[in-house]
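A.B. asks: The structure under discussion is supplied below as structure tokens; questions concerning it will follow.
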Amino acid sequence: SRQIDNGYNLVEAVKLYYEFTGDKKVLADTLNRCRKVAMFMTYNLDGESGLVDLSNFVGHNGGIIADGVSQTIASSYWDVLSLSPKSLYAQVLYYQTLQNVAYLEKAAKDAGLTLENPTIKLNEGGEIAYEFDENYLLTLAKKVAHEVQKPVDNVNKTGFFDEGKGRFIEGFNMHGNV
């Protein structure tokens, strides 16, 4: 899929199911899929920088042709909006994915589960194996939170919190507009 929601939804569902049932078999059967989601967002969507970038998804360049007409596909739940490739919405989903996978890592450790670490293919070629642990995931989540809370810088087209308006913005499109 060309949307960040699907991976987040999987991880959120596994976490909620495990919280509700405590089913260790389901955790063992699904943890590596959740790990792959965290890896994909971190490596292939540049999440390690502190902000995921959806421009690697075909059609997610965040452009507007004229008069609000989009030249890009809609993003996720916001199916009528052409969001920035580094949208606030994507960052919130990435943050929550990291938090949830950290929870699942702790649950697996507490349950005594040991699984072979999965690998994913990288955009630039090659593969990488999973090496995250609960602490790394939580540290990366703090980095995301820090990046999201930065004030808007209209010159450099960064930040999400508009101090003048007292609210968050969704991000900047390819033309530098909010």
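The values are calculated or read from the model by the stated rules, or taken from the named source; none is laboratory data. What you see is a predicted model; the values in this text were computed from it and never measured. Virtual Cβ from ideal backbone geometry, glycine too; neighbours counted across all protein chains shown. For the accessible areas, the whole protein counts, side chains as well, though only heavy atoms, and no ligand, DNA or RNA atoms are used. Shrake-Rupley method; radii C 1.70, N 1.55, O 1.52, S 1.80 Å.
A.B. asks: Consider only pairs whose beta carbons are under 9 Å apart and that are at least six residues apart or on different chains; among these, list those whose first residue lies in region 5-31 and is in a helix (DSSP H, G or I) and whose second residue is of a type in the set (Asp, Glu).
C.D. replies: Note: pairs meeting the criteria are TYR17/ASP23; LEU31/GLU105.
A.B. asks: Taking only pairs six or more apart or across chains, which ones have beta-carbon atoms under 8 Å, a first residue in region 126-151 that is small (Gly, Ala, Ser), and a second residue that is open to solvent by 30 Å² or more (accessible area, probe 1.4 Å) and in a helix (DSSP H, G or I)?
C.D. replies: The qualifying pairs are ALA141/TYR95; ALA141/GLN99; ALA145/TYR95.
A.B. asks: So VAL58 passes all but one of these: (1) touching a Lys or Arg at 6+ places or on another chain (Cβ under 8 Å); (2) open to solvent by 40 Å² or more (accessible area, probe 1.4 Å); (3) at pLDDT 70 or above. Which condition number does it fail?
C.D. replies: Condition not satisfied by VAL58: (3).
A.B. asks: State yes or no: is THR158 touching a helix residue (DSSP H, G or I) at 6+ places or on another chain (Cβ under 9 Å), under 27 Å from LYS15 (Cβ atoms), at pLDDT below 95 and surrounded by fewer than 18 Cβ atoms within 10 Å (Cβ to Cβ)? Explain how you work it out, then say what you get.
C.D. replies: Working: touching a helix residue (DSSP H, G or I) at 6+ places or on another chain (Cβ under 9 Å): yes; under 27 Å from LYS15 (Cβ atoms): no; at pLDDT below 95: yes; surrounded by fewer than 18 Cβ atoms within 10 Å (Cβ to Cβ): yes.
Taking the combined requirement at face value, the residue does not satisfy it.
A.B. asks: Going by the structure shown, is THR72 within 22 Å of PHE160 (Cβ to Cβ), at pLDDT below 60 and either of a type in the set (Phe, Trp, Tyr) or touching a Gly at 6+ places or on another chain (Cβ under 7 Å) (or both)?
C.D. replies: Details: within 22 Å of PHE160 (Cβ to Cβ): yes; at pLDDT below 60: yes; either of a type in the set (Phe, Trp, Tyr) or touching a Gly at 6+ places or on another chain (Cβ under 7 Å) (or both): yes.
Spelling it out, THR72 is indeed within 22 Å of PHE160 (Cβ to Cβ), at pLDDT below 60 and either of a type in the set (Phe, Trp, Tyr) or touching a Gly at 6+ places or on another chain (Cβ under 7 Å) (or both).
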